[in-house]
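Since the structure comes first, as structure tokens, the remarks are kept for the end.
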Amino acid sequence: MKFGFLRNDLDSSPGQSLDGSFRKSNSVISTHSVSGISSSSKFFPTSRRVYKALKDCGRKLVDQELFKQNLEDWVLENSCVEHVTGEQSFFRSPFLIDELRKLDLALEGVLFQQLYRMPCSLYASKALKEDEYLALEDFLHTIVNGLWRTFWRKSGPLPFFLSCSHHPKSKFYAVEKAISRGRLEELRGLALISKIGSDLKVHWDQVVQFALFRQDILSGNELRLSTSSICEALFYGVHILISRSLSKSRTIESDSVFLMVFDSKFGAVVKLGGDLGKLELNTADPYQSVVQWIKCHAEVFVSSVDRIWNKLGNANWRDLGTLQVLLATFYSIIQWNGPPRKSIASLASNHSLRLQKRRIECRLAENENALVPYHQAGFQHGEIVELDHSDNHPVKNSSRLKLKQGEILLLEDQQQGQKSFQIQESFIGGNSFLYGAISLDYPTQLLTLYAGAHPSRLEPSWEDMSLWYQVQRQTKVLNILKQQGISSKYLPEIIASGRLLHSGPCKKQSPSGRCDHPWCGTPVLVTYPVGEPLSYVVAKDGPFSSDDALRCCRDCLAGLRSAAAANVQHGDISPENIIRVLDTQGMRNKVLYIPISWGRAVLEDKDSPAINLQFSSSHALQHGKLCPASDAESLVYLLFFVCGGTMQQQDSIESALQWREKSWATRSIQQQLGELSPLLKAFADYVDSLCGTPYPVDYDIWLKRLNKAVDGAVSADRGKMIEEVLP
């Protein structure tokens, strides 16, 4: 008997189980195999002999008490402490604590609302039993509906429903029907049923998972599942697996099932899995045969018992017990409906963005009186305070203006006048110097602030020119887009731009002049939004899922299309110049991917793009110019990178061109993208046909296809999903 490892764990990173042991994490979901679902063998029997044996077993295995008598000694051995030796022999939990933590983060913005409260009376009654079943049904429906709308589809019919039963051979009833017929006392639990076919009659092979409801599930005074509860869960688990194996529809090829066990306070999860083809049936004693199969060939996992409902009958949605039920249901849905459109990891990654926003809100609340206006003893109202710059390098040693958290900058914008910003944090990346800042006029929104080089330091050095491109040139490009009426949520928005003012005496000779103060006349650009560069995202979270890669491709193409309407090409697509942003104004838990750093954009033929040996297009490397499809080609290299493709460091333009030629010739890029999405593979093929040609990219057709893949056919048919305004 195997208690611990699933044979096809999908993630080799170690993690801690809820029982304190360490084993592989199985939290990664791919299109071929699913976390939490053992696929150790083909589920369906292939021989007539096995099929007949299972059919006989399912027919004869009807006495739950007899099943319990054969199995309870073995369950007891593996769920208690040996008093003589003191050794512990516990079933292992089906979940890692890291899986539950990640699910908790992923569901931060999701509202689970149970309307029926679980009654908490100490006295049993018929009315109490009715309320308990109605509360359990509402609790399970809330879970299924919430998970489906969050991870699979936001609209459309729910492909599941709940029904109750009193033994494996009985019919299924709605809870209200069981109450009206007076059969409530016979009920053993609720089954989550998959809607398949047009047959109105419900069969046991449609059961997605089963929830037992008992008067008490604890083992005496100990907070662990009783032996009888485990035996009953395994009894129903065996029947569900047998029914699936005998099913004519064969809609699921999984050899495991999740069973949940509840009373009016506590809950736990039992998982049973194994190859029924190894069941050696003794027709004289089918119970002993099944018990022997469980002992020798099956995998049994039992979670910890935790409180589900509080004393008022409300579910503890963010506590361990409920998270275990949520995760078991999540994996059960995957067994029947395939991987979700959104992964747990992708939704959990939004936690850092929400945390960043919360830190800003808390900081503002703490310093509310100090921010607007900025007061300090000894200074008049409205006066800008001279800050300590002793830690900054003198201008003669560095062109970079180094700012501290909390410093307030006064910016002179020619269009908007003077505007004040406070530095919140710094983002150092590439050849630019970036800060997170807030406007004192609108202090709840975090902005990106680019600080340029002091004008006296604009020597012909690479560092200084990089700052010039990031600030002055990018300001010009974003203003051109703004003046031509290009507005899109997939492009950065210019909030303010201009020159810094400083406190104290200024020695500039004219209003447009500058003195030698480190701040005087330093160019600054402020944009919205703020996000994480993809280089950081991939390093932190690993390669993209299919859903994330498709969304990244769609969003970047939408931004490039908007810019192309003004005859602007980006010219520097790379992981550092694409940010992931939490879309607070759009769909719940939605992220956007936005191209930033438009300083190297090509506006006319004389402009030269940036040269990046890993991500620049072949035409840019060969000729120092862009062809119409250059940005799309760079986007393909970017997708290859974020999807886990290996990109070797190149030491010359020649080696970079050779890598591109070989990759396109062997179709290694298309193969890598094709593992995640046929649509991404097709897009790479399309771009390959345009590389180096004078033909433009047909953005509209690809955005239409990507919109359908990302947002679904229903959303795509309702209208254009790209929120932009073109001239």
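The values are calculated or read from the model by the stated rules, or taken from the named source; none is laboratory data. Small disclaimer: the values here were computed from a predicted structure and weren't measured. Backbone-built Cβ (ideal geometry, glycine too); neighbour counts: all protein chains shown. Ligands, DNA and RNA are excluded from the accessible area calculation, which covers all protein heavy atoms including side chains. Shrake-Rupley method; radii C 1.70, N 1.55, O 1.52, S 1.80 Å.
General observations
- If you go through the range 649-668 and keep only what is open to solvent by less than 100 Å² (accessible area, probe 1.4 Å) and polar (S, T, N, Q), you end up with 650, 652, 655, 663, 666, 668.
- Of all residues in the range 605-646, those being open to solvent by less than 30 Å² (accessible area, probe 1.4 Å), under 30 Å from the mean Cα position of the chain (by Cα) and not charged (D, E, K, R) number 13.
- Restricting the search to helices (runs of 4 or more DSSP H) fully inside the range 643-699 and requiring at least 2 residues that are of a type in the set (A, V, I, L, M) and at pLDDT below 95 gives 653-666.
- Scoring residue 345 on the criteria (1) assigned to a helix (DSSP H, G or I); (2) at pLDDT below 70; (3) small (Gly, Ala, Ser) leaves a single failure, condition (2).
- So residue 595, is it more than 22 Å from residue 648 (Cβ to Cβ) and open to solvent by 10 Å² or more (accessible area, probe 1.4 Å): no
- Selection from the range 651-684 of residues that are without any contact (Cβ under 8 Å) to a residue 24 or more places away in the chain and of a type in the set (Val, Ile, Thr): 666
- Pair list, Cβ < 8 Å and 6+ apart or interchain, from the range 265-289 residues that are farther than 17 Å from residue 55 by Cβ to residues that are assigned to a helix (DSSP H, G or I) and of a type in the set (Ser, Thr, Tyr): 267/322; 268/229
- All of 275, 255 fail the test of being more than 18 Å from residue 304 (Cβ to Cβ), modelled with pLDDT under 90 and surrounded by fewer than 24 Cβ atoms within 10 Å (Cβ to Cβ), apart from 275.
- When each of 134, 105 is tested for being out of contact with any Gly (no Cβ under 7 Å at 6 or more places or on another chain), free of Cβ contacts under 8 Å to residues at least 60 places away in the same chain, in the same structural domain as residue 316 (by the TED database) and not in a loop (DSSP other than H, G, I, E, B), the lone residue that passes is 134.
- The residues on offer are 468, 462, and the sole one that is at pLDDT 55 or above, open to solvent by 20 Å² or more (accessible area, probe 1.4 Å) and either on the phi < 0 side of the Ramachandran plot or among the basic types (Lys, Arg) (or both) is 468.
Residues are listed down the side, and each one gets a yes or a no for (1) of a type outside the set (D, E, K, R); (2) open to solvent by 50 Å² or more (accessible area, probe 1.4 Å); (3) at pLDDT 50 or above:
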{"position": "31", "(1), (2), (3)": "yes, yes, no"}
{"position": "36", "(1), (2), (3)": "yes, no, no"}
{"position": "41", "(1), (2), (3)": "yes, no, no"}
{"position": "52", "(1), (2), (3)": "no, yes, yes"}
{"position": "59", "(1), (2), (3)": "no, yes, yes"}
{"position": "80", "(1), (2), (3)": "yes, no, yes"}
{"position": "84", "(1), (2), (3)": "yes, yes, no"}
{"position": "96", "(1), (2), (3)": "yes, no, yes"}
{"position": "109", "(1), (2), (3)": "yes, no, yes"}
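- Members of the range 686-705 found to be of a type in the set (D, E, K, R) and within 15 Å of residue 638 (Cα to Cα), listed by number: 688
- A count restricted to the range 586-604 and to residues that are of a type in the set (D, E, K, R) and over 29 Å from the mean Cα position of the chain (by Cα) stands at 2.
- The lone exception for residue 614 - which of (1) touching a Phe, Trp or Tyr at 6+ places or on another chain (Cβ under 8 Å); (2) part of a loop (DSSP other than H, G, I, E, B); (3) more than 27 Å from residue 648 (Cβ to Cβ) it fails: (3)
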